Amino acid sequence: MEMKIVEGGICAPKGFKANGLYCGIKRPANDAPNTQHKNDICVYKSDVLCNTAAVYTQNKVKGAPILVTKANLEKSGNKSIAVIANSKNANTCNADGIEKADMMCKLLANELNVPKEQIVVASTGVIGQVLPIEPIKEGIPELVNGLDYNKNNEAATAIMTTDTVKKEYAVQFEIDGKICTIGGMAKGSGMIHPNMATTLNFITSDCAISSELLQEALSEIVKVTYNCLSIDGDTSTNDMVVLMANGMAENKEITDNTAEFEIFKSALYEVMANLTRMLAKDGEGATKLIECITSGAKDKDTAITVAKSVVCSSLFKAAIFGEDANWGRILCAVGYANADFDINKVDVDIKSENGIVNVCRNGAGVEFSEEKAARVLEADEIFVLINLNDGNDEATAWGCDLTYDYVKINGDYRT
């Protein structure tokens, strides 16, 4: 299958408009009148009703927007037409949280003249602080009036919190002779751990596909992308992935597990995997991306479990920050992974654009040049290659190094 990377993020597929602006959800103390602020709220909308799929955080504490979105999609039969999302405030653990999230949906629905149940709402930011609804109420008319097919950037920046860069990706592919597109945007930098991390992920498509298969595809692909991401071991309360498909590419609707469905899933993986990689690289305080590839596993779950175990190791992440080829920390993390394999058959290599160093064979260390290893670890993208030599399955997990700046950022995050 041929795929073409295209610009536009969530606006790359046909029929999707977006907008974002600063409405003042969290106004800084001593704020000067003419201060320029980063966008803190966005809306994106399809020209027609979309089949919609979603997955949510596994945290027992769930933000009010998640509860309202789930209820809306249940009432609408998994249909939606627009999304409203804000940063600065998670609207979580608040007595009036559901009321406020529901009000955001009602305000946008009234402005768009659509049923409230067709609105998806999402929030990210500080937990436990009351969400001010007035600035949102005042900002929605301007958001809607400014909706445009080329304002994906305004939306992508509006969902950023401690992110240092916006995260967008989109691809085009062909089904039934029609050009289809999947585009996405994501946010996330800290409080990220497998089982849906502190990430808001919004994906759009103009492909015609049933809501049932849309959910099947999303649930399958999230397992090998976002759920294989870890920055710091904390699973957020507000994680959400929403996938909307409006059918405007005019391909024959995908309703069965056909070759066309496999093409769609491949394109969805391409978008979600690249967004996952961006999230890992922009981890709070991070200086290096860690990509762990486990091969030679007897099944997919074993490969995933081992790869995740390595990227979740704080000791290994610290070693990568220090550019120390302490491969024993890798094998230690492999060893406590909850999976069945023979540790005496495991091989480990560390690789970057500067070369590759073999550090372990058959579960034991091998001689290597510390000087070469230091050069390999100087790069800002580090690959850990683990071969279990026990089968043909493989999986990838993504993370980043653990730095002094991570502590600084999170030491005063709320204040």
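Where strands (runs of 3 or more DSSP E) fall wholly inside segment 316-415, the ranges with 3 or more residues that are assigned by TED's automatic domain parsing to the domain that holds Lys300 and free of Cβ contacts under 8 Å to residues at least 40 places away in the same chain are 347-352, 355-361. When segment 288-309 is filtered for residues that are touching a strand residue (DSSP E or B) at 6+ places or on another chain (Cβ under 8 Å) and of a type in the set (Val, Ile, Thr), the ones remaining, listed by number, are Ile290, Ile293, Thr294, Thr302, Ile304, Val306. Considered as a group, the residues in segment 127-139 that are among the β-branched types (Val, Ile, Thr) and surrounded by 16 or more Cβ atoms within 10 Å (Cβ to Cβ) include one that is modelled with the lowest pLDDT, and that residue is Ile127. For segment 181-198, a tally of residues being of a type in the set (Val, Ile, Thr) and at pLDDT 70 or above returns 2. Among residues of segment 93-126 being surrounded by fewer than 19 Cβ atoms within 10 Å (Cβ to Cβ) and β-branched (Val, Ile, Thr), the one that is modelled with the lowest pLDDT is Val126.
Residues in segment 1-20 that are among the aliphatic types (A, V, I, L, M) and surrounded by fewer than 20 Cβ atoms within 10 Å (Cβ to Cβ) were compared, and the one that is nearest to Cys180 (Cα to Cα) is Met3. Across segment 217-231, the number of residues qualifying as of a type in the set (S, T, N, Q), within 22 Å of Glu284 (Cα to Cα) and assigned to a helix (DSSP H, G or I) comes to 1. Only one of the numbered conditions (1) of a type outside the set (Phe, Trp, Tyr); (2) crowded, with 19+ Cβ neighbours inside 10 Å; (3) more than 31 Å from the chain's Cα centre (by Cα) is not met by Asn362, and that is (2). Criterion applied to Ala280, Ala286 was being among the small types (Gly, Ala, Ser), within 30 Å of Cys180 (Cα to Cα), within 20 Å of the chain's Cα centre (by Cα) and at pLDDT below 95, and the one residue passing it is Ala280.
Restricted to segment 221-250, and to residues there that are modelled with pLDDT under 95 and among the charged types (D, E, K, R), the residue that is nearest to Lys317 (Cα to Cα) is Asp232.
Residue-by-condition table, conditions (1) assigned by TED's automatic domain parsing to the domain that holds Ile330; (2) of a type in the set (S, T, N, Q); (3) part of a loop (DSSP other than H, G, I, E, B):
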position	(1), (2), (3)
Thr237	no, yes, yes
Glu250	no, no, yes
Glu262	no, no, no
Leu268	no, no, no
Val271	no, no, no
Thr302	yes, yes, no
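Here the condition is being crowded, with 19+ Cβ neighbours inside 10 Å and either of a type in the set (Phe, Trp, Tyr) or out of contact with any Asp or Glu (no Cβ under 9 Å at 6 or more places or on another chain) (or both); of Ser266, Ser313, it holds for Ser313 alone.
The values are calculated or read from the model by the stated rules, or taken from the named source; none is laboratory data. Owing to the predicted nature of the structure, the values given are computational and were not obtained by experimental measurement. Glycine also receives a Cβ, built like all others from the backbone with ideal geometry; neighbour counts cover every protein chain displayed.
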